[in-house]
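Notes to accompany the following structure.
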């Protein structure tokens with residue numbers, strides 16, 4: 001059996017195609033059952049996220065093209081549409097790819113942790129669908145252990161590289177302690193949600209979230225013990241804010257210089273940290289001219305992000321070394337499985353010979369034969385039966401000059417050594 005990983009990701013396909021090829025929800029089980037129904041597929045799992053859709057399969061034969069055709073057919077797409085964007089990894093390369101994905105080394109954001117949870121969901125879906133066999137099941141468990149080792153033994157996740165965390169990191173440098181601070185977050189998208197989560201984890205004192213749609217602001221704020229307001233309420237609350245982070249999709253200025261100047265006066269010029277992540281900007285650039293205002297743009301945050309990215313890249317080199325070792329460990333286990341059926345067959349044949357000889361010995365004893373002679377007969381006959389076929393093959397190897405088989409026989413049967421006493 002061979003292992004294969006086949007798929008598309010953010011590096012090989014545009015988001016429009018990734019959306020078409022995604023397999024989510026109830027379709028996962030349907031797809032898994034359809035996959036293992038293919039004559040060549042013995043076991044299968046599917047990992048599908050916004051950035052990748054990958055098939056992990058154990059194949060009876062190396063029919064890679066059948067998987068590519070199945071993926072196209074499942075989504076009712078022309079194979080020519082998908083094929084140029086596909087990548088595939090066989091055997092040890094498939095193992096390496098899976099370990100790199102779970103460790104965050106193949107992600108859009110190097111070292112991001114969410115992919116491991118998504119990999120665990122992929123495993124559970126395949127387990128629930130009954131499409132895992134020994135090899136893939138073992139590979140998933142091995143993958144989870146290696147991903148944990150990477151997180152524990154390297155700094156791959158200790159230097160966040162998201163814009164949201166970079167903003168919180170800068171705020172931390174200015175205030176040190178967040179417990180007595182109030183943050184005003186403007187927007188309600190993913191960046192603001194991540195920022196809110198980071199601030200909440202840092203024990204922020206109070207949180208206000210403002211959005212064009214107050215209901216969205218209330219819904220998000222409720223997750224972090226904050227409260228939501230509409231954009232028109234910002235001037236009334238700006239005075240309270242020690243930290244202001246804006247991430248909107250609009251093109252209108254939300255905070256202008258007069259509004260901020262008035263709030264500063266009411267605050268008696270206590271400092272305010274501001275970050276404008278919006279593109280185009282939502283905070284008037286001239287606000288930076290005001291004393292006691294620390295205003296940063298998304299470009300300023302890139303310095304923090306790039307520094308952290310360097311740290312993650314160094315950690316990634318360590319992670320790759322761990323993966324090199326762990327790929328070989330798994331492949332050694334997989335190779336050992338090839339011998340399991342041979343060992344089982346060999347033992348079964350030996351047991352059949354034993355049972356036949358024992359039955360004959362019983363008949364001899366029942367007919368009154370001398371027990372000593374019966375034991376000698378049993379030992380002699382059983383020895384002949386067990387050694388006959390190997391002896392024939394060794395003699396044939398010598399006659400044909402098959403030195404490799406002769407050497408293998410010497411190692412396998414430990415020939416040439418002193419026999420046990």
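All of (1) within 17 Å of residue 181 (Cα to Cα); (2) at pLDDT 95 or above; (3) in contact with a helix residue (DSSP H, G or I) (Cβ under 7 Å, 6 or more places away or on another chain) hold for residue 275 with one exception: (2). Evaluate region 208-219: report whether one residue or more is in a loop (DSSP other than H, G, I, E, B) and at pLDDT below 95. Yes, region 208-219 contains a residue that is in a loop (DSSP other than H, G, I, E, B) and at pLDDT below 95. Restricting 155, 164 to those that are assigned to a helix (DSSP H, G or I) and either at pLDDT below 95 or under 24 Å from residue 297 (Cβ atoms) (or both) reduces the list to 164. Residues of region 396-410 that are part of a helix (DSSP H, G or I) and surrounded by 11 or more Cβ atoms within 10 Å (Cβ to Cβ): 396, 397, 398, 405, 406, 407, 408, 409, 410. Of all the residues in region 118-143, those that are surrounded by fewer than 15 Cβ atoms within 10 Å (Cβ to Cβ), without any contact (Cβ under 8 Å) to a residue 60 or more places away in the chain and part of a helix (DSSP H, G or I) number 4. The one condition from (1) touching a residue at least 40 places away in the same chain (Cβ under 8 Å); (2) assigned by TED's automatic domain parsing to the domain that holds residue 243; (3) assigned to a helix (DSSP H, G or I) that residue 198 does not meet is (1).
Note on region 76-92: among residues that are assigned to a helix (DSSP H, G or I) and in contact (Cβ under 8 Å) with a residue 24 or more places away in the chain, the one that is surrounded by the most Cβ atoms within 10 Å (Cβ to Cβ) is 82. Which members of region 184-193 meet the condition of being part of a helix (DSSP H, G or I) and either touching a strand residue (DSSP E or B) at 6+ places or on another chain (Cβ under 6 Å) or closer than 14 Å to residue 222 by Cα (or both)? Across region 184-193, the qualifying residues are 192, 193. Taking the conditions (1) more than 42 Å from the chain's Cα centre (by Cα); (2) in a strand (DSSP E or B) in turn, residue 294 satisfies each one other than (1).
Residue-by-condition table, conditions (1) in contact with a strand residue (DSSP E or B) (Cβ under 7 Å, 6 or more places away or on another chain); (2) in the same structural domain as residue 143 (by TED's automatic domain parsing); (3) within 30 Å of residue 100 (Cα to Cα); (4) at pLDDT 95 or above:
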position	(1), (2), (3), (4)
260	yes, no, no, yes
292	yes, no, no, no
297	yes, no, no, no
311	no, no, yes, no
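For residue 209, are the conditions met, namely being surrounded by 14 or more Cβ atoms within 10 Å (Cβ to Cβ), assigned by TED's automatic domain parsing to the domain that holds residue 291, under 19 Å from residue 287 (Cα atoms) and in contact with a helix residue (DSSP H, G or I) (Cβ under 9 Å, 6 or more places away or on another chain)? No: the conditions fail for residue 209. Taking the criterion of being within 21 Å of residue 281 (Cβ to Cβ), surrounded by fewer than 19 Cβ atoms within 10 Å (Cβ to Cβ) and in contact with a helix residue (DSSP H, G or I) (Cβ under 8 Å, 6 or more places away or on another chain), the only residue of region 231-249 that qualifies is 235.
For region 94-114, the candidate set comprises residues that are in a helix (DSSP H, G or I) and out of contact with any helix residue (DSSP H, G or I) (no Cβ under 9 Å at 6 or more places or on another chain); within that set, the residue that is surrounded by the most Cβ atoms within 10 Å (Cβ to Cβ) is 97. Checked against the criterion of being over 30 Å from residue 241 (Cα atoms), touching a residue at least 24 places away in the same chain (Cβ under 8 Å), surrounded by 13 or more Cβ atoms within 10 Å (Cβ to Cβ) and touching a strand residue (DSSP E or B) at 6+ places or on another chain (Cβ under 8 Å), the candidates 301, 334 yield just one match: 334. Here is a check on your reading of the model: is residue 287 over 22 Å from residue 204 (Cα atoms) and crowded, with 22+ Cβ neighbours inside 10 Å? Taking the combined requirement at face value, the residue satisfies it.
The values are calculated or read from the model by the stated rules, or taken from the named source; none is laboratory data. Since we're looking at a predicted model, the values are computed, not measured. A quick note on method: Cβ atoms are made from the backbone with ideal geometry, for glycine too, and the neighbour counts reach across all protein chains shown.
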